[in-house]
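Following: one structure in structure tokens, then a few remarks.
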Amino acid sequence: QVQLVESGGALGKPGGSLRLSCAASGFTFNDYYLSWLRQAPGKGPEWVADISSSGYVRSYADSVKGRFTISRDSDKRSVDLHMNGLRVEDTARYFCARLRNPGRGDFDYWGQGILVTVS
Amino acid sequence: EIGLMQSPGTLSLSPGERATLSCRASQSIPDSYLVWYQHKPGQPPRLLIYGTSTRASGTPDRFSGSGSGTDFTLTISRLEPEDFAVYYCQHFGSPYTFGPGTKLEIK
């Protein structure tokens with residue numbers, strides 16, 4: 001079955017860097033766009049970034065543009081989120097998710113998420 | 001950027017009752033771009049409905065979506081104990097945006 005498992009740094013300092021990784025299994029990795037989303041306590045989810053199935057097209061939320069970079073590795077079946085210039089407001093649970101249909105924009109599988117704290 | 005508002009913020013109902021959750025967009029959006037998720041504590045969000053009214057794989061048929069333009073609705077015909085959760089609507093735009101959620105709690 002489809003699985004997405006996040007891992008990586010959980011605690012960062014303002015201005016610092018962290019890297020999150022998401023290991024994917026159970027589906028044809030190269031067929032899907034993959035995304036990172038986050039959810040701060042008490043708030044709705046917020047889309048952060050996504051990367052096309054080929055890896056050539058990357059999109060970012062304005063709140064992270066220029067600071068975060070998404071990448072994917074088809075050999076490792078993983079998608080990473082490199083987070084630089086961390087801010088306190090980046091504190092959230094970060095989810096890796098699969099985009100079911102890039103033309104429709106719905107996320108059909110999500111990982112359990114990883115808590116990132118910037119303090 | 002299109003904003004989404006959800007109402008009510010909290011809905012208190014009993015198992016067996018009908019639940020009606022609303023999602024209102026700040027501008028008209030295509031029906032194909034409106035999505036609903038269910039979110040339970042300690043779990044990732046679960047895709048329920050996409051394209052306003054198409055149930056995702058595994059979504060029970062007591063869940064239905066409807067609407068157009070700026071007003072969309074998620075209806076749960078008869079609440080089961082496992083349906084009590086937070087529900088989010090989401091729009092596929094630039095960027096993707098989520099509503100603030102409706103918490104469906106047991107009365």
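The values are calculated or read from the model by the stated rules, or taken from the named source; none is laboratory data. Computed from a prediction, not measured in an experiment: that's the story for all the values here. So basically every Cβ, Gly included, is an ideal-geometry build from the backbone, and we count neighbours across all protein chains shown. Just the protein is used for accessible areas: all its heavy atoms, side chains included, with ligands, DNA and RNA removed. Shrake-Rupley method; radii C 1.70, N 1.55, O 1.52, S 1.80 Å.
With a 1.4 Å probe and every protein chain left in place, work out the accessible area per residue of region A:44-115 in Å², rounded to a whole number. Please report the intermediate quantities before stating the final value.
Values: 3130 Å² over 72 residues.
The answer is 43 Å² per residue.
Scan around A:TYR33 for amide H atoms under 5 Å from its own, H built in the peptide plane at 1.01 Å from N, and keep only partners 5 or more places away or cross-chain.
Placed amide hydrogens put A:SER53, A:LEU99 under 5 Å from A:TYR33.
Extent of the protein assembly as shown along each principal axis, from alpha carbon coordinates, in Å, largest to smallest?
48, 37, 34
So what is the relative contact order for chain A, in percent, with contacts set as C-alpha pairs under 8 Å and at least six apart? Display every interim value, and only then the final one.
Details: 288 pairs, mean separation 40.9, N = 119.
It comes to 34 percent, rounded to a whole number.
Can you give me the three principal axis dimensions of region A:78-119 from its C-alpha atoms, in Å, biggest first?
Principal-axis extents of the Cα atoms in region A:78-119, largest first: 36, 20, 19 Å.
Please work out the average accessible area per residue across chain B, using the 1.4 Å probe convention, and give it in Å².
Working: 4840 Å² over 107 residues.
On a per-residue basis, chain B sits at 45 Å².
Between the alpha-carbon centers of region B:29-72 and region A:1-53, tell me the distance in whole angstrom.
Each part reduced to its Cα centre gives a spacing of 22 Å.
Given a 1.4 angstrom probe, I'd like the percentage of the accessible area of region A:33-97 that is carbon and sulfur, rounded to a whole number. Each step should come with its number before you reach the end.
Values: 1330 of 2890 Å².
Carbon and sulfur: 46 percent of the exposed surface of region A:33-97.
Take the Cβ-Cβ distance between B:SER66 and A:SER74 as r, set R0 to 45 Å, and report the resulting FRET efficiency rounded to the nearest 0.05.
On the way: r = 40 Å, r/R0 = 0.88.
Efficiency, from the Cβ-Cβ distance: 0.70.
Order B:29-36, A:56-63 from most to least packed using the mean count of other Cβ atoms within 10 Å. Mind dumping the intermediate values first?
Values: B:29-36: 21.4, A:56-63: 13.5.
So the order, starting with the most tightly packed, is B:29-36, A:56-63.
Measure off, as a whole percent, the carbon and sulfur share of the 1.4 Å-probe accessible area of chain B, all protein chains present. Don't jump to the answer; show the numbers that get you there.
Numbers: 2210 of 4840 Å².
About 46 percent, which is the carbon plus sulfur part of the accessible surface.
In nm, to one decimal, how far is the A:ASN30 label point from the B:ARG78 one, both placed 7 Å along Cα→Cβ?
4.9
Across peptide A:4-12, how many C-beta atoms of other chains are within 10 Å of each residue C-beta, on average? Can you show the working numbers first?
Values: counts 1, 0, 1, 0, 0, 0, 0, 0, 0.
Partner Cβ neighbours, averaged per residue: 0.
What FRET efficiency, computed as 1/(1 + (r/R0)^6) with R0 = 30 Å and r the Cβ-Cβ distance, is obtained for B:GLN43 and A:SER119, rounded to the nearest 0.05?
Working: r = 26 Å, r/R0 = 0.86.
Calculated value: 0.70.
So for region A:77-119, averaging the separation of alpha carbon pairs under 8 Å that are six or more residues apart and normalising by length, what relative contact order in percent results? Write down the numbers at each step before the final one.
Values: 50 pairs, mean separation 18.2, N = 43.
Relative contact order, region A:77-119: 42 percent.
Distance cut-off 25 Å, Cα to Cα: go down the list A:LYS65/B:LYS40; A:LYS43/A:LYS76; A:LYS13/A:LYS76; A:LYS13/A:LYS43; A:LYS13/B:LYS103 and report the pairs above it.
Numbers: A:LYS65/B:LYS40 30 Å; A:LYS43/A:LYS76 32 Å; A:LYS13/A:LYS76 29 Å; A:LYS13/A:LYS43 22 Å; A:LYS13/B:LYS103 33 Å.
Violating the 25 Å limit, Cα to Cα: A:LYS65/B:LYS40; A:LYS43/A:LYS76; A:LYS13/A:LYS76; A:LYS13/B:LYS103.
Can you give the mean number of other chain Cβ atoms that lie within 10 Å of the Cβ atoms in peptide A:89-99? If you can, show how the numbers build up before the last one.
On the way: counts 0, 0, 0, 0, 1, 0, 2, 1, 3, 1, 2.
The per-residue average across the peptide is 1.
Interface B/A, total buried accessible area with a 1.4 Å probe, nearest 100 Å²? Each step should come with its number before you reach the end.
Details: alone 5660 and 6330 Å², together 10380 Å².
The contact between A and B buries close to 1600 Å².
Across peptide A:44-50, how many C-beta atoms of other chains are within 10 Å of each residue C-beta, on average? Before the final figure, lay out each step's value.
Details: counts 14, 11, 4, 7, 2, 1, 2.
Rounded to a whole number, the mean comes out at 6.
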